[in-house]
Amino acid sequence: MGDSNITINEAECTVFVRVNPKVFSLGVVYATCYLFTDKHYVHLDGDPQKEITIELAPKDTSSKNAAALASLAKEFENELLKHGFYNMQHTESLALKTIMLKRILSMPDSIAEVYVGKPMKEKVDKEVKLLDNDPIENMLKEEDPSIDDPEGIAIPWEEKYGKQNDKKQRARKRSKRKSAD
Amino acid sequence: MTKSNEQGKEAKEKAQIKFSKKFYSNEAIKKAAIDYKNIAEISLEEDESTITATITPKEDIKNISKEFSNYVLGLIVNQG
């Protein structure tokens, strides 16, 4: 008895659900199975490349008939779909979350910790370090002229034209005149 | 149809459960066996595709092999 991907063994009070790994990733299957371990015995078998077989057996077998086992299998499939959807959303929004967190982390540490909390900030700091190895980010840093001046050629505007410098130059000129006299 | 891997069901009797290496990591099964040492004696046998755990419970525990399987799954999920 059963659907195309559901097999019910009423005598042993067990139901087998077959899942296509091309539709649901192994991570999604594990997460869904773990959710069911509270009230059911769950065992995985099959081939992660072709077909995953999940064996579900209720811990409380007092009133489990074929219909109840079938509804258990359907409930499992619904949860599988829910986890798959969450997983898809998480993957899609990951880039945006990373950009937002990078912006928060560019604030002073004390302010960033207020926004995200200290443990979260430490965790994200590690991830951002990994992101810093991004070749595009590195290229942008190299293009920024304000970063490196190994020869010491660049002179800040204030140093060259500032008021303090004028005073220094006047003082030098005076000292030269005195020495010439 | 896939058959159940559990062979023994009665408490205080030996029970066997087979874990496919494609789904269950060796480390998680060994860790679970160590965690279970106070309530059961567990021996592990390994072949090409499966790891077979033979469980001899020290106490009356119903469905110990299935509980062990759930525990291994929990370790895998929580270890990431």
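The values are calculated or read from the model by the stated rules, or taken from the named source; none is laboratory data. If you're wondering where the values come from, they're calculated on a predicted model, not measured in any experiment. No Cβ is skipped: glycine too gets one built from the backbone with ideal geometry, and neighbour counts run over all protein chains shown.
Answer yes or no as to whether residue A:42 is assigned to a strand (DSSP E or B) and among the hydrophobic types (A, V, I, L, M, F, W, C). Judged against the criteria, residue A:42 is a match. Yes or no: the stretch A:61-74 includes at least one residue that is within 14 Å of another protein chain (Cβ to nearest Cβ) and surrounded by fewer than 16 Cβ atoms within 10 Å (Cβ to Cβ). Within the stretch A:61-74, one or more residues are within 14 Å of another protein chain (Cβ to nearest Cβ) and surrounded by fewer than 16 Cβ atoms within 10 Å (Cβ to Cβ).
What are the residue pairs meeting all of these: first residue in the stretch A:109-126, first residue assigned to a helix (DSSP H, G or I), second residue at pLDDT 75 or above, Cβ atoms under 6 Å, and 6 or more apart or on different chains? Short answer, once both residue conditions are applied: A:124/A:101.
Looking only at the stretch B:66-80, count how many residues are more than 9 Å from chain A (Cβ to nearest Cβ) and surrounded by 16 or more Cβ atoms within 10 Å (Cβ to Cβ).
Going through the stretch B:66-80 one residue at a time, the tally reaches 3.
Residues considered: A:12, A:51. Of these, the only one that is among the acidic types (Asp, Glu), more than 8 Å from chain B (Cβ to nearest Cβ) and surrounded by 14 or more Cβ atoms within 10 Å (Cβ to Cβ) is A:51.
Just give me the residues in the stretch A:45-71 being outside any strand (DSSP E or B) and either hydroxyl-bearing (Ser, Thr, Tyr) or touching a residue at least 60 places away in the same chain (Cβ under 8 Å) (or both), in sequence order.
So the first thing to find is which residues in the stretch A:45-71 are outside any strand (DSSP E or B), and the list is A:48-50, A:59-71.
A:61, A:62, A:63, A:66, A:69, A:70, A:71 - these are the residues of the stretch A:45-71 that are outside any strand (DSSP E or B) and either hydroxyl-bearing (Ser, Thr, Tyr) or touching a residue at least 60 places away in the same chain (Cβ under 8 Å) (or both).
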